[in-house]
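Chemist: The structure that follows is given in the form of structure tokens.
Each reported figure results from applying straightforward, stated rules to the coordinates on display, with no laboratory input. Model, not experiment: these values are computed from the prediction. For neighbour counting, all protein chains shown are included, and Cβ atoms are generated from backbone atoms with ideal geometry for every residue, glycine included.
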Amino acid sequence: MTHQFAQPSSGSFFKPADHHGHLILIIAVTETGERYDSMYGKDKPFAVVDMVDLDDPAPKLQQGVTVSHPGICNKLGTAARTGEMVLGRVGQIPTEKGNPAWVLGPFTPGADDMRASAWLTANPINNFGQPAQQQAPAPAPAPQPQPVPAPVPQPVPQAPAPQPIQYAPQPVPPAAPVPQAPTLAQVGQAMTQAQQPPAAPAAAPPQPAAPAPAAPQTIGGVDVTNLTPEVIALLQKLPQQQ
């Protein structure tokens, strides 16, 4: 960033008569003090300011203007310390010596301050008191990509709710018949049958007669009924007694 700097110059002197009744905007107080005034033969206050006469046909910034009138310089001491701008109207007030003194009187709120604000808006001032250079217009912002709308989720089809199962009514089985109490005749017949003696069992059929025992088998006079076949075969090979 570059700044504008004023060249050294002798500046100019503020002549209140040329600005009588005008609205003066003191933008900066760059120096204050006292210096010897040969006309009055004594030290007098002075101030060096950057100012604008807002009632001038073509208001413009004037830098390094020396003000030597006590009625104006005395109004600039606070601004010199705080860096504030001062707004007021140049006028005169009577004095004891009969010669009116030049002063910087108050401005009209709601009117004069609006004019000063409008001039400052149209003529921005940098920190060094120079009129600020008109800056090139800022480049147009690059087009921003438009956000792609997120897909809207489609509702998931819902399965049909299960229908309740209908059951056919089951036939109710007929109730079992209630047993009837026996009649008196039935009771009497049952008692009669209970008193009769049981019938004799039938006679068993005759059993066949047991067969006669077989004659014992002998070989050579030896009973071989209970002998093994091997022993019997051995006996058969022996010579038989006559």
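Chemist: When ranked by the protection proxy of mean other Cβ atoms within 10 Å per residue, highest first, what sequence do the peptides 88-99, 60-71, 26-37 form?
Modeler: Highest-to-lowest ranking by the protection proxy: 60-71, 26-37, 88-99.
Chemist: Still on this model: State, in angstrom, two size descriptors of the range 12-122 derived from its alpha carbons: Rg to one decimal place and Dmax to the nearest whole number.
Modeler: Computed over the Cα atoms of the range 12-122, radius of gyration and Dmax are 14.0, 44 Å.
Chemist: Compute the relative contact order of the range 1-125 as a whole-number percentage, counting only Cα pairs closer than 8 Å that sit 6 or more residues apart in sequence.
Modeler: Averaging sequence separation for qualifying contacts and normalising by length gives 25 percent for the range 1-125.
Chemist: If neighbour count is taken as other Cβ atoms inside 10 Å, put M39, M85, M114 in order from fewest to most.
Modeler: M39, M114, M85
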